[in-house]
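J.: Dropping the structure in here first, questions after.
The values are calculated or read from the model by the stated rules, or taken from the named source; none is laboratory data. As the structure is a computational prediction, the values presented were derived from the model and not from experiment. Don't worry about glycine lacking a Cβ; one is built from the backbone with ideal geometry, like all the others, and counts go over all protein chains shown.
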Amino acid sequence: MTMGGTAAGGALFDTDDSELSQLLSQARQDLARRAGEQAQKNVPGSRAALAVPLRLDAGDSTGEGHLIRLHHETGMAQLNTSKVHNTQEARSSSVAAAAAVNAELEGTAARPDPTVRRMRRGELARAKEQTAGKRWFGMKAPTMTPELRNDLRVLQLRNVLDPKRFYKKSTTQKVLPKYFESGTIIEGPTEFYSSRLSKKERRVNLVDEVLADKKSRDYLKRKIGEIHAHNASGGKNWYRGNARGKDKGKGAASGAARPGKKFKQQGK
């Protein structure tokens, strides 16, 4: 029993020694691995946050002829700078070729069209004078006709058409506007009938409407007579008439004085 127990105890002791040796060898391997990792961390350019180097398996995209390659020592993925330069050169060449094509197209499009004639300076000035400009939304100068000229004169003299209405006196009565537009005012349903014109009262232009009204005709006739009488006073005809009256008075006075003069001579 004792020998059996001793044999069993020896076998157990031998087993413990083998396990201890395995543990020691495993510990040595762990220490060596940790020392290698620490040395890798101390290498300049490596990332300290990565305890284990990452290996990128990108298939055919890795290698000397691709943009990404693996470092032969660390096994980390790196950018192939030579390939990048080549790619940039290819891109720059393609961009230059595209720019050349665009320049050629622009040059072709920039050629003057022989069918389009450029306006001369005089023609450009005349075209500019046809409108009032952008501030007046391109208002055009209409063709001046006698009817349109008379309407403008009536508008300038509107302060003498109606004695019950007073307007600001125009300072440019002798100058007619060059750029203007004319239209028809459409009365609304809220306006009184007294301020409207019936179809019979409507005329083609303003002068005909003024002359069609009897009150306006009588008023204008009276005012024109007063103006002519005022302008005639102090003129040549006025002086001639007064001179004739004075001559008649002098003749009557001289005929009455002659007999007295003769009587005085006879008295001498």
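J.: I need the full set of residues from the range 157-213 which are touching a residue at least 12 places away in the same chain (Cβ under 8 Å) and either of a type in the set (Lys, Arg) or in contact with a Ser or Thr (Cβ under 6 Å, 6 or more places away or on another chain) (or both), in order please.
T.: 178, 210
J.: May I ask you to say which residue of 98, 39, 127, 27 is at pLDDT 70 or above, under 35 Å from the mean Cα position of the chain (by Cα) and more than 30 Å from residue 181 (Cα to Cα)?
T.: 98
J.: Is it fair to say residue 155 is out of contact with any Asp or Glu (no Cβ under 7 Å at 6 or more places or on another chain), in a helix (DSSP H, G or I) and surrounded by 13 or more Cβ atoms within 10 Å (Cβ to Cβ)?
T.: yes
J.: Further, regarding this structure: Please go through (1) at pLDDT 70 or above; (2) surrounded by 10 or more Cβ atoms within 10 Å (Cβ to Cβ); (3) over 30 Å from residue 176 (Cα atoms) for residue 66 and return the number of the only condition it doesn't satisfy.
T.: It fails just one condition, (1).
J.: In this structure, is residue 219 closer than 30 Å to residue 130 by Cβ and at pLDDT 70 or above?
T.: no
J.: Do we find that residue 195 is under 18 Å from residue 161 (Cβ atoms) and loosely packed, with under 10 Cβ neighbours inside 10 Å in this structure?
T.: Numbers: under 18 Å from residue 161 (Cβ atoms): yes; loosely packed, with under 10 Cβ neighbours inside 10 Å: yes.
When the stated conditions are applied, residue 195 passes them.
J.: Is it the case that residue 190 is outside any helix (DSSP H, G or I), modelled with pLDDT under 85, within 43 Å of the chain's Cα centre (by Cα) and over 23 Å from residue 152 (Cα atoms)?
T.: So residue 190 passes the test.
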